[in-house]
Every structure is written in structure tokens, then in C-alpha cells.
Amino acid sequence: MFKSIPVVMKLKAFFISGWLLTGLSLCCIGQKGYQGTLITKFGDTLTGFIAFKIDKPNDEMIEITTTSTVATTTGNGSTSKTRETGGAKINAGIINYIKIGDSVYYFRDVKVKNQTSKYDRNMCLRLTTGSLRNGIFQIGNSNNPEKAVISLPGKNNTYLVSPQDDYYAQTSGWCILEYSDCNPLKQKIREKQTGYTWTSEMPLAKRLELWRNWILEYENCTK
């Protein structure tokens, strides 16, 4: 009934013959997921139904179901076609990104606001400004500033922070450390020049606007 064949390098995959397709499809309909493409950090590509939560924490393993049509030539020279469905569970840590339609998503851990060491694991994020190491992301499909999170160049970019966290909201002084390898930007923040400082009273949307400017300046900085 089952046969194992390599689908993704270093990943275990299973394939199920076409006559079990209906049962598997009914199983997958109950899952929350999307038709799309998954790219691993090894450079492998899988296209199919990807089961994940787009705006909530995800498990360590992300499941993808793929379907293909295999043509077989019979003894009398005729050709028969069989639909084969395969599946793989892939650790989120080795997924480079997934693409759903025109949107690209990354799995990252996001620090829970005002919690020292608590994280929402494997959140699904879109990069909207900057780079993976130094950028602003939105959770899921949201464009709400309340759903924005930040990747800082001085930190491990698999762990992102919320601009609403008290530590980041009250002052911009911490940025001197985060952007320390870009001297012009660091100096402007240190001197609290206009556009390079804020207080907790500044609205979130305005702080994000300043942050975008810093990110782009840092990206173009000669280090």
C-alpha cells in the first residue's frame, strides 16, 4: 500500500497510491491551510496544500500534501494515468519561506509583549520593509500597525520583537546598541536629532514611520 521515495532532500516523505486520494483529501479539508509553494533552506521546492495557521503560533512541524499524475505504459501499449498523493512534515526551522499567491511568508518566533523570555513560536510573517536581518514584518495578512513586529540587526533574526513592548516604546536609546555598526545612524540617535528619537506618548504609527526610515538608512550605510 505504501512506498517510500525521496521527495525532499533530508526529509522523510510518504506516497499513497491514487485509490486512497479521496480519503486523504477529505482529511485535509478539515485542516486550516493554503495551496502554495514551500522552499527549504536546502533549496528544495514542494508545491501543494500547506497546513498552517497564518496569524497564530504554529507547531514545529509544518505539513504539506502534494498531488501528481503518473503515466504508465501497459503491456498492450496503452497508457494509464494514476494520481499519487504524497505528504511530508517539515520542521519550521529548515523552511526558508512559503509562497501563497503573490505573498511570501517566513516562520519566526515573536517575543510576547512585555514578557522577558516568552515567545509565540513559528509565527507566519510578511516582510514589508528592509531585510530579514533588519526589517519590519506584518503578522499574517494584516496591515494593522498593531500586528507589526521588528527584526533588529544586533539580535538573532529568528527572534522578533513588538514595537509595542514597553522596552522599545518608552525610548529610542536602546537603538544605539542595535545599530552600533552604522556610525552615522548611531550618532544621530545618540544626539536625539529630529526624527531619531521618540517617547512613549508618540503614536505607534508614527514610531513605525521613524523605524522604517532608520531601517532603510541602516541598509544603505557603509559599515
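The values are calculated or read from the model by the stated rules, or taken from the named source; none is laboratory data. All values reported here derive from a predicted model rather than from experimental measurement. FYI the Cβ positions are ideal-geometry reconstructions off the backbone, even for glycines, and counts take in every protein chain you see.
Can you name every one of the helices (runs of 4 or more DSSP H) wholly within segment 172-223 that holds 3 or more residues which are more than 18 Å from GLY135 (Cβ to Cβ)?
Working: elements: 175-178, 183-190, 204-219.
By residue number, 183-190.
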Pairs, please: C-beta under 6 Å, at least 6 apart or cross-chain, first residue in contact (Cβ under 8 Å) with a residue 12 or more places away in the chain and assigned by TED's automatic domain parsing to the domain that holds TRP211 and in segment 145-159, second basic (Lys, Arg) and part of a loop (DSSP other than H, G, I, E, B)? PRO153/ARG133; ASN157/ARG133
So, in segment 30-42, exactly how many residues are assigned to a loop (DSSP other than H, G, I, E, B) and in contact (Cβ under 8 Å) with a residue 12 or more places away in the chain? 4
Working only within segment 140-156, note down all residues that are modelled with pLDDT under 75 and closer than 19 Å to LYS186 by Cβ. GLY154, LYS155
Going through segment 90-140 one residue at a time, which ones are in contact (Cβ under 8 Å) with a residue 40 or more places away in the chain, of a type in the set (Lys, Arg), in a strand (DSSP E or B) and closer than 21 Å to TRP211 by Cα? ARG108, LYS111
Can you find even one residue in segment 86-95 that is farther than 23 Å from ILE62 by Cα and of a type outside the set (A, V, I, L, M, F, W, C)? no
Members of segment 104-157 that are in contact with a strand residue (DSSP E or B) (Cβ under 6 Å, 6 or more places away or on another chain), surrounded by fewer than 15 Cβ atoms within 10 Å (Cβ to Cβ) and farther than 21 Å from ARG207 by Cβ: ARG121
All conditions in (1) within 20 Å of GLY130 (Cα to Cα); (2) of a type in the set (Phe, Trp, Tyr); (3) without any contact (Cβ under 8 Å) to a residue 60 or more places away in the chain are true of TYR167 except (1)
